[in-house]
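For reference, the structure is listed below as structure tokens.
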Amino acid sequence: MRPALVTDVEVLEAARRVRARGEEINGWSIRREVGDRGNPRRLLAVWTAQGDTAPPAQAEPAHTVSLPAPVLELVAAARSSLASDLDTIVCTIHRHAREDADATYRRITDDLQASQLRISGELDLAEASVGATEAELNRRGEAIATLEAEVGEARVQIAGLTERERQALDRAQQAEAQAADLQGELEGFGRAAQAAAEARAAAEAQTAAMRDEVAHLRTALERSETARNTEVSRLSADLTRAQQQIDKARAAHQADAATARQQATNAQAAHREEVNRIQQELAKHQGEVTRLLADLEAAKRQQAEAETVTREALSRAGEAAGRATALEEQLRALQPATAVAAHS
């Protein structure tokens, strides 16, 4: 059980101080004397049960003045009007506070549901892109960055909702303070008025109901905060797992890239060896080609010399043929003379 805000000893001492000043002892006067703490009904009950039985000392007024009947009627009318106004003010404050609390609760619930749906969809998209190529990994990283930004925004929104809850509680406390102030003013017009006492009791009941509503709303908000924290923790764990999968995929890709680079290095080394071998063979064949070119040049020179000799031979053969033709003509010219000489 929660301990009392004001002890019985403090209540008794405060009541005695009120009586010493010549004021009426009631729950609200005792509450003001102890620093606006405690329930007025409990304070008055403690004084009634444990306080002194002697009536409070009444201060002798310096001058006793009786009010005229019209003034007394105005005072009574003012008391009744103030009591009615107090009921209206307290009801209005209670209604506004409850409407604000309901609106805040609905807004918190809607924001949390929207954030949960949006974050769940984005996590599904992020998980679907694990194991893709390097470009897909980069896109996944951007999606995760976007998701983290939205989670930060959701946390900011949640912080704002908590601030609005605190503001609603502050307004409720201000309403309680205003109700207490109005009750004090009402007591200033007449502490003995039964209508004011009934209005004060009604205000206390409505204030207690308001406190119950605020406590209920605070409990509901705490449950929603717990559920939200649980969901955020789960989403953070999912995000961590997705990041780990991305890291594994990136590590595998880097290993494949390292293997490919090693294979490329080996291929380049083999290519350089093949190039060196080809260059060596080319150098060896180049000497052979040089020798063949020299032989070709010699053969060309020999061919030219042969052609020259052939042309000379052909020229000499032509000359011989010409001489042979001349000899044949001479022989044909000599044949008739030879025949004649033979017949002779």
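The values are calculated or read from the model by the stated rules, or taken from the named source; none is laboratory data. Note that the structure is predicted; figures quoted are calculated from it, not measured. When we count neighbours, we look across all protein chains shown, and the Cβ atoms used for this are built from the backbone with ideal geometry, even at glycine.
In this entry, LEU125 is excluded by the filter for residues that are in contact (Cβ under 8 Å) with a residue 60 or more places away in the chain, within 29 Å of the chain's Cα centre (by Cα) and part of a helix (DSSP H, G or I).
Looking at GLU328, GLU305, GLU281, just one residue is of a type in the set (D, E, K, R), surrounded by 10 or more Cβ atoms within 10 Å (Cβ to Cβ), over 30 Å from ALA135 (Cβ atoms) and modelled with pLDDT of 85 or more, and that residue is GLU305. Within the stretch 80-105, residues that are more than 18 Å from ALA205 (Cα to Cα) sit with their Cβ atoms under 9 Å from residues that are of a type in the set (Val, Ile, Thr) and surrounded by 18 or more Cβ atoms within 10 Å (Cβ to Cβ), at 6+ positions apart or across chains, in these pairs: ALA101/VAL214. For ARG31, the conditions (1) among the charged types (D, E, K, R); (2) over 16 Å from GLU185 (Cα atoms); (3) at pLDDT 75 or above all hold with the exception of (2).
Can you tell me which residue within the stretch 145-168, out of those that are of a type in the set (A, V, I, L, M) and either in contact with a strand residue (DSSP E or B) (Cβ under 9 Å, 6 or more places away or on another chain) or modelled with pLDDT of 75 or more (or both), is nearest to ASP247 (Cα to Cα)? Per the criteria, the residue is ALA145. Residue under question is GLN244, and the condition is that it be modelled with pLDDT of 85 or more and either outside any helix (DSSP H, G or I) or farther than 30 Å from HIS94 by Cβ (or both); does it hold? Yes; evaluated as a whole, the condition is true for this residue. Checked against (1) touching a helix residue (DSSP H, G or I) at 6+ places or on another chain (Cβ under 7 Å); (2) over 30 Å from ASP256 (Cα atoms); (3) modelled with pLDDT of 80 or more, GLU122 passes all but a single condition, namely (2). Looking at the stretch 170-214, which of the residues that are within 18 Å of ASP102 (Cα to Cα) and surrounded by 15 or more Cβ atoms within 10 Å (Cβ to Cβ) is modelled with the highest pLDDT? This residue is ARG171.
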